[in-house]
Amino acid sequence: MADHGAREATPTDLGQRERKEPARRGRGRTRDTATTAAILGAAMDLLVEEDLKKFTIERLAARAGVGKATIYRWWPSRGAVALDAFLNAVDPQVPFPETPDFLSAVRSQASSLVRVFRDTPAGRVVRALLAEAQADPDLAEAFRTRWVEVRRDAGRAVFRRAQETGQIRSDLDLETAIDLVYGPIYYRLLAAHQPLTDQFVDDITAYALRGLAP
């Protein structure tokens with residue numbers, strides 16, 4: 001049962017909390033806001049221009065106009081700074097809308113996610129980060145906790161409210177229900193066997209709701 005006496009964290013709260021936390025805190029002085037923005041902007045530019053395999057701290061330092069020591073002081077690896085750059089660029093684009101209608105909320109958010117993956121370089125960056133994470137346990141954990149889990153926390157709040165208002169079944173396992181909607185999106189992103197289309201989003205949300213409805 002949800003605790004109605006306390007304010008539930010909103011997707012906006014969760015996104016703001018995420019962006020304030022680095023992938024892994026480095027040693028040294030507190031981050032300078034302007035320098036951090038320059039590094040993250042340069043990192044995203046490089047990720048857009050070339051493959052993650054060519055993304056190096058040396059190239060990033062040159063593009064951002066900072067020393068390598070500054071980057072290593074705040075990020076432990078190229079994967080960590082690449083993840084921060086991705087989150088900084090993409091997170092504001094994929095919120096859940098503030099609407100009480102479950103289907104509208106899920107369809108809108110899933111559509112935003114698909115558009116970001118399909119129409120911007122973010123889809124390619126996600127694929128590269130997941131590939132890099134196979135050999136970088138720290139990056140894998142950061143990706144799960146800072147991208148996947150933050151998104152799922154927001155989704156759990158939306159799905160739980162839908163249960164409380166009778167829009168979906170109260171006996172559902174929320175983790176499976178969330179996977180039912182979002183699993184197909186990541187499958188198409190990674191396997192690339194079919195395109196990520198707007199019709200695809202309409203279909204998976206409509207099919208999912210049929211199975212989730214009371």
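The values are calculated or read from the model by the stated rules, or taken from the named source; none is laboratory data. Computed from a predicted structure; not experimentally measured. Please note: Cβ atoms are built from the backbone with ideal geometry, for glycine as well, and neighbour counts cover all protein chains shown. Protein only, heavy atoms only, side chains kept; ligands, DNA and RNA dropped before computing areas. Shrake-Rupley method; radii C 1.70, N 1.55, O 1.52, S 1.80 Å.
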- For all pairs of alpha-carbon atoms in region 30-146, what percent lies in each bin of width 10 Å, listed from the first bin to the last filled one? 13, 41, 31, 12, 3
- Task: Within the chain, what's the longest run with no GluC sites (Glu not before Pro) in a DSSP loop and at most 14 other beta-carbon atoms within 10 Å? Give the range, please.
- Result: 99-214
- Quick one: plug the Kirkwood hydrodynamic radius of region 107-203 (C-alpha pairs) into Stokes-Einstein at 10 °C, 1.306 mPa s, and report D in µm²/s. 108
- Task: For the chain, divide the Cα radius of gyration by the Kirkwood radius and give the resulting Rg/Rh value with two decimals.
- Result: 1.01
- Sparse-neighbour loop sites [chymotrypsin sites (Phe, Trp or Tyr not before Pro); region 68-170; at most 12 other C-beta within 10 Å; DSSP]: none
- Given a 1.4 Å probe, the accessible area of region 27-125 per residue, as a whole number of Å², is 47
- Message: Are there DSSP H segments in the chain that both extend 20 Å or more along their axis (alpha-carbon positions) and score a mean Kyte-Doolittle hydropathy of at least 0.5? List them, or say none.
- Response: 33-49, 174-191
- Counting only protein heavy atoms with a 1.4 Å probe and every protein chain in place, the carbon and sulfur fraction of the accessible surface of region 60-160 in whole percent equals 52
- Relative pair counts by distance (%), Cα atoms of region 61-108, 10 Å bins: 22, 33, 20, 15, 11
- Message: What percent of all Cα-Cα pairs in region 78-136 falls into each 5 Å bin, going from 0 up to the bin containing the maximum distance?
- Response: 4, 18, 23, 20, 15, 11, 6, 3, 0
- Query: What is the sum of charges around Arg124, taking Lys and Arg as +1, Asp and Glu as -1, for the other residues whose C-beta is under 12 Å from the C-beta of Arg124?
  - Reply: -2
- Query: Measuring from centroid to centroid over Cα atoms, what is the spacing of region 52-75 and region 175-214 in Å?
  - Reply: 37
